[in-house]
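Asker: I am attaching a structure below and will ask some questions about it afterwards.
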Amino acid sequence: MIRFDRMSFRYPDQSRDALGDVDLAIEEGELCLVVGETGAGKSTLLRAVNGLVPHFTGGTMHGGVVVNGRSTATVPPREMASTVGVVGQDPTAGFVADTVEDELAYVMENLGTDPAVMRRRVEDALDLLSIADLRDRPLATLSSGEAQRVAIASVITAAPRVLVLDEPTSALDPGAAEDILAALTRLVHDLGLTIIAAEHRLERIVQYADRIAVIDGHGRVTIGDPSDMMRTAPVAPPVVQLGRLANWNPLPLSVRDARRAGEPLRQELADRKAGPHRQAAATGDVVATVRGLQHSYGTTVALRGVHVELREGEVVALMGRNGAGKSTLLSALAGSRRPRSGSVSILGGNPRSITPRELVRRVGLVPPDPSTLLYEQSVDGECITADKEHGLAPGSTRSTLDAIQPGLDPERHPRDLSEGERLALALAVVVAPGPRVLLLDEPTRGLDYSAKERLARVLRRFADDGRAVVLATHDVELVAAVADRAIVLADGEVVSDGPARDVVVHSPVFAPQVSKILAPSEWLTVAEVEAAVCQ
Amino acid sequence: MTPRSLHPIAWWVWALALGATALQTTNPFLLGLLAASAWLVVAARRPSAPWAQSFGSFVKLGIAVIIVRIVLQMLFGVRLPGHELFTIPSVDLPEWAAGVTLGGPVTAESVIAAFNDGLQLAVLLTCVGAANSLASPYRLLRSMPAILYELGVAVTVALSFAPQAVMSAQRVREARRLRGRPSRGLAGLRGMAVPVLEIALERSLELAASMDSRGYGRRAPIAARDRQLAQLATLIGAVAASIGVYGILDGAAPGGMGYPMFAGGVALLVASFAYAGKQSVRTRYRPDPWRAPEWLVVACGAVALAALLVATDVGVAGLRPDFSPLAVPTVPLLPAIGILAAAVPAFLTPALPVTR
């Protein structure tokens, strides 16, 4: 169905190939997962399938890509629309129409499909993706999970043979991600669609893959059976890491398979106590207090009466569905939103009435898109500006940055950095003036496992230096790795607040993979298990 | 009547007719009645989509126009004699600045005249705002002829840049506050503009990629020679039409350069457009129907306009009331009834379907 024939590609003005000598054949009806570290060339590979690379991006391509008998060298992407459907990383950025139904019809109108066929296909797509109840909704009002499903439906209507998805579940909460994956399995099994997808959150999707293509650091691609490929892949979800550690064969990819393989390990670990290698509750001073916080946007209530105390030295995970009020709570803590009622105090002061100069020394927030914080033309430029603005000694932001991520090229443009490097830079800029409370909103978007591990270590160090760190996240594995305490919000209220281990271990939604595999013992991470086994 | 949304072109015809009606009178009561009719229809038939929320902004813009008009009249306007309200210190500009006098006594008459002029413009804006709120811009685009469609999409994409830029500007502004940076002043502007433009550009590229991979801009396969011929015809047609316009406007030009040249050019253009339209392979999904309610909406707008045109023709008093001496203007009956007809769509058109 898809054949890459000794294909290599180089972006314009680059000195090395993004993809080198790719030989790849993906059969019909296959769900192929593309795996690799950030910046390895996953998106480039995906965009080559319908010819956006090189027709849209420019650059030099050697070799060829043939999809369903048509070569991208001679067929432009717009003509490929009837064969390949592509959904980008941010589905909302690709919307053209203003209601769901019109968006679904858009591709068929361009292809000149017969009106009667259009009606039928729109209805089918609405059912396949379970979005029939959204048909009249304006696109601007969709949640991120709904938007993702609408984006998939809007390419399915062209009846393509191949579906290309770039990080379909990265930005979603666990429940919405489940919906997407259920829809994808249906498309593969019922329609025989060939799906090629890239995803950082492997723990969600790896078990559904028929084959896995791994891109190494030099743009070379190898493809093979999932459990063979995951044995050596540069990125691996916790279930695979645990399997590698325990030397399970065949390597399990799902929690279910791992539980079946894991009985001996559970027995071995039964009499050992998990943790606490971290103290159960932070005993530091209270640095921030939130009392009776209420907030609403129009008629939508975001927070209703939230009480939270933050102590220095603790890492607090803020969890809950999209729209549960996590971001609102963070921005109220950072003083960028005036709450309807209730009070926020950071080191005894209301963040709304503290001067900006003083506020940055008390609280710092890294927004979900770190690039909004950055506007200089180089890494060094950002550091120098941050020094000047906060009245710090020259070079202090740079040394903060080096402590977070050493060796970042000072001349590079912030937009050219990888997601992880950009987050590090934004974090350095926020942390440099020394805020006592550090807030991060969805920091793991687009980060691979090694970048997440680095982030976890950095956050731990910040907390040990006597800061309170709060991260709002869907990423249960990051929570397991770093958080001391977890707060779960639902519908604007705190539904649980306690030691992270107690909160996440017994929740079917928030439990990390390791604790699902090793239940009823309360283990959270592969690192914990490794330490216990090696004793 | 089964709930449904009406054809966007019907709303635009209705609104433009109302706008043209507003241009026929400066009577504040008639203009107020016109604005009230437009508001009533918008309140009854406006959907909940984001683009439909723009009516308020147009009304605010209209109010601003009235205020500016009055202030300008006070400062620069010709003084109508009459009841003096107060006096602004006057400055005589020198001869080289046309000898204009600034300021001076402000009379009630001139303020009222300025208010009426401003009100006329404000009502016109209100009508445009009503059309914007009632008719979905995307659906309007879809009902355009093929040749205009692609141009139209380019325009919509360009227009979607603005709300996106506003949204990212809010995010960037908030982020800057977090860094303890000024969000005002020249330095603030630079810090805002760079990330906002970068984000907007990135999103536009992503939108372009999405449209490209969903078949935007496909054409029927035609021979290269035919296409070149059509392009040549467009070019010659455009040049001929321009020369024709020049010939018509310049009385000294030879006779053949005027109307004949213009007509020939336009004919060539139309032919090449029609040919280009044939190249388009698009089909339409659920085209908006044009039925009785659409005719009703158009008719209501036409009745209002016709009433005013007839009244002007017949010479009904009170369409352009005179305010010196000061008097409360009368409300002429026929135009008022005609304008009330413009509000009928609020009651006699199908209701909007409920959005789940």
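Asker: Of the residues in the range A:142-193, how many are within 18 Å of A:Gly29 (Cβ to Cβ) and polar (S, T, N, Q)?
Answerer: Total meeting the criteria: 1.
Asker: Being modelled with pLDDT of 90 or more, closer than 20 Å to A:Glu419 by Cβ and touching a helix residue (DSSP H, G or I) at 6+ places or on another chain (Cβ under 9 Å) narrows it down to one residue among A:Val34, A:Val22, A:Val67, A:Val49; which is it?
Answerer: When all the criteria are applied, what remains is A:Val34.
Asker: Take A:Arg501 and decide whether it is surrounded by 16 or more Cβ atoms within 10 Å (Cβ to Cβ), among the basic types (Lys, Arg) and at pLDDT below 90.
Answerer: yes
Asker: Going by the structure shown, is A:Leu172 in contact with a helix residue (DSSP H, G or I) (Cβ under 8 Å, 6 or more places away or on another chain), in contact (Cβ under 8 Å) with a residue 60 or more places away in the chain and more than 16 Å from A:Ile195 (Cβ to Cβ)?
Answerer: Answer is yes for this residue.
Asker: Among the residues of the range B:181-191, is there at least one that is within 10 Å of chain A (Cβ to nearest Cβ), in a helix (DSSP H, G or I) and at pLDDT 70 or above?
Answerer: Yes, some residue in the range B:181-191 is within 10 Å of chain A (Cβ to nearest Cβ), in a helix (DSSP H, G or I) and at pLDDT 70 or above.
Asker: Only one of these is at pLDDT 90 or above, loosely packed, with under 14 Cβ neighbours inside 10 Å, away from chain A (no Cβ under 14 Å) and assigned to a helix (DSSP H, G or I): B:Val310, B:Val297. Name it.
Answerer: Just a single option satisfies the conditions, and that option is B:Val310.
Asker: Another question about this same structure. Take the residues in the range B:197-218 that are without any contact (Cβ under 8 Å) to a residue 24 or more places away in the chain and assigned to a loop (DSSP other than H, G, I, E, B); name whichever of them is farthest from the chain's Cα centre (by Cα).
Answerer: Taking the candidates together, the pick is B:Ser213.
Asker: Also: Among B:Pro94, B:Pro50, B:Pro105, which is under 30 Å from B:Tyr138 (Cβ atoms) and either surrounded by fewer than 18 Cβ atoms within 10 Å (Cβ to Cβ) or over 20 Å from the mean Cα position of the chain (by Cα) (or both)?
Answerer: B:Pro50
Asker: For the range A:434-447, check the following and say yes or no: at least one residue is β-branched (Val, Ile, Thr) and within 14 Å of another protein chain (Cβ to nearest Cβ).
Answerer: yes
Asker: Right, here's the next one. Of the residues A:Leu187, A:Leu163, A:Leu251, A:Leu202, which is modelled with pLDDT of 95 or more and buried (at least 17 other Cβ atoms within 10 Å of the Cβ)?
Answerer: Within the list A:Leu187, A:Leu163, A:Leu251, A:Leu202, the selection yields A:Leu163.
Asker: Working only within the range B:48-71, note down all residues that are hydrophobic (A, V, I, L, M, F, W, C) and modelled with pLDDT of 90 or more.
Answerer: B:Phe55, B:Phe58, B:Val59, B:Leu61, B:Ile63, B:Ala64, B:Val65, B:Ile66, B:Ile67, B:Val68, B:Ile70, B:Val71
Per-residue answers, yes or no, for (1) in contact with a Lys or Arg (Cβ under 8 Å, 6 or more places away or on another chain); (2) among the aromatic types (Phe, Trp, Tyr):
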site	(1), (2)
B:Asp250	no, no
B:Tyr259	no, yes
B:Asp288	yes, no
B:Arg320	no, no
B:Ala327	no, no
B:Thr330	no, no
B:Ala346	yes, no
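Asker: From (1) within 14 Å of another protein chain (Cβ to nearest Cβ); (2) surrounded by fewer than 18 Cβ atoms within 10 Å (Cβ to Cβ), pick out the condition that doesn't hold for A:Arg337.
Answerer: Condition (2) is where A:Arg337 drops out.
Asker: Considering the range B:219-233 alone, what residues qualify as being free of Cβ contacts under 8 Å to residues at least 24 places away in the same chain, outside any helix (DSSP H, G or I) and either facing another protein chain (nearest Cβ under 9 Å) or over 16 Å from A:Arg78 (Cβ atoms) (or both)?
Answerer: B:Ala223
Asker: Working only within the range A:329-378, note down all residues that are touching a helix residue (DSSP H, G or I) at 6+ places or on another chain (Cβ under 8 Å), in a helix (DSSP H, G or I) and closer than 22 Å to A:Arg445 by Cα.
Answerer: Selection gives A:Ser331, A:Pro370, A:Ser371, A:Thr372, A:Leu373.
Asker: A:Glu358 fails exactly one of the following numbered conditions: (1) free of Cβ contacts under 8 Å to residues at least 60 places away in the same chain; (2) surrounded by 17 or more Cβ atoms within 10 Å (Cβ to Cβ); (3) of a type outside the set (S, T, N, Q); (4) facing chain B (nearest Cβ under 10 Å). What is the number of that condition?
Answerer: It is condition (2) that A:Glu358 fails.
Asker: Something else now. Which residue out of B:Arg45, B:Arg69 is in contact (Cβ under 8 Å) with a residue 40 or more places away in the chain, under 22 Å from B:Pro345 (Cβ atoms), over 19 Å from the mean Cα position of the chain (by Cα) and crowded, with 18+ Cβ neighbours inside 10 Å?
Answerer: Step by step, each of B:Arg45, B:Arg69 is checked, and only B:Arg45 is in contact (Cβ under 8 Å) with a residue 40 or more places away in the chain, under 22 Å from B:Pro345 (Cβ atoms), over 19 Å from the mean Cα position of the chain (by Cα) and crowded, with 18+ Cβ neighbours inside 10 Å.
Asker: Still on this structure, I have one more. What number of residues within the range A:494-517 are more than 25 Å from A:Gly284 (Cα to Cα) and out of contact with any helix residue (DSSP H, G or I) (no Cβ under 6 Å at 6 or more places or on another chain)?
Answerer: Of the residues in the range A:494-517, 3 are more than 25 Å from A:Gly284 (Cα to Cα) and out of contact with any helix residue (DSSP H, G or I) (no Cβ under 6 Å at 6 or more places or on another chain).
Asker: Follow-up. So if I check each of A:Leu425, A:Leu408, A:Leu365, which one is closer than 30 Å to A:Thr38 by Cα, of a type outside the set (S, T, N, Q) and at the interface with another protein chain (Cβ under 10 Å from one of its Cβ atoms)?
Answerer: A:Leu365
Asker: When the range A:313-342 is examined, which residues are found to be at pLDDT 90 or above and charged (D, E, K, R)?
Answerer: The answer is A:Glu314, A:Lys326.
Asker: Test A:Ser345 against the criterion of being at pLDDT 85 or above, in contact with a strand residue (DSSP E or B) (Cβ under 7 Å, 6 or more places away or on another chain) and small (Gly, Ala, Ser), and give yes or no.
Answerer: yes
Asker: What single numbered condition from (1) touching a His at 6+ places or on another chain (Cβ under 7 Å); (2) among the aliphatic types (A, V, I, L, M); (3) touching a residue at least 60 places away in the same chain (Cβ under 8 Å) fails to hold for A:Val290?
Answerer: Only one criterion is unmet by A:Val290, namely (3).
Asker: Every residue in the range A:450-472 that is surrounded by 22 or more Cβ atoms within 10 Å (Cβ to Cβ) and not hydrophobic (A, V, I, L, M, F, W, C), please.
Answerer: Residue satisfying the conditions is A:Arg467 alone.
Asker: Regarding the range A:308-319, can at least one residue be identified that is surrounded by fewer than 21 Cβ atoms within 10 Å (Cβ to Cβ), within 14 Å of another protein chain (Cβ to nearest Cβ), touching a residue at least 24 places away in the same chain (Cβ under 8 Å) and not in a loop (DSSP other than H, G, I, E, B)?
Answerer: Checked the range A:308-319: no residue is surrounded by fewer than 21 Cβ atoms within 10 Å (Cβ to Cβ), within 14 Å of another protein chain (Cβ to nearest Cβ), touching a residue at least 24 places away in the same chain (Cβ under 8 Å) and not in a loop (DSSP other than H, G, I, E, B).
Asker: Follow-up question, since we're still on this one. Which condition number in (1) surrounded by 16 or more Cβ atoms within 10 Å (Cβ to Cβ); (2) on the phi > 0 side of the Ramachandran plot is the one that A:Gly348 fails?
Answerer: Going through the list (1) surrounded by 16 or more Cβ atoms within 10 Å (Cβ to Cβ); (2) on the phi > 0 side of the Ramachandran plot, A:Gly348 breaks only (1).
Asker: How many residues are modelled with pLDDT of 95 or more and within 14 Å of another protein chain (Cβ to nearest Cβ) when one looks only at the range B:20-47?
Answerer: Total satisfying the criteria: 0.
Asker: Separate question: Which of the residues belonging to the range A:131-148 are more than 7 Å from chain B (Cβ to nearest Cβ) and either touching a strand residue (DSSP E or B) at 6+ places or on another chain (Cβ under 8 Å) or modelled with pLDDT of 90 or more (or both)?
Answerer: Answer for the range A:131-148, where residues must be more than 7 Å from chain B (Cβ to nearest Cβ) and either touching a strand residue (DSSP E or B) at 6+ places or on another chain (Cβ under 8 Å) or modelled with pLDDT of 90 or more (or both): A:Ile131, A:Ala132, A:Leu134, A:Arg135, A:Leu139, A:Glu146, A:Ala147, A:Gln148.
The values are calculated or read from the model by the stated rules, or taken from the named source; none is laboratory data. The shown structure was predicted, so the numbers you read here are calculated from the model rather than taken from an experiment. For neighbour counting, all protein chains shown are included, and Cβ atoms are generated from backbone atoms with ideal geometry for every residue, glycine included.
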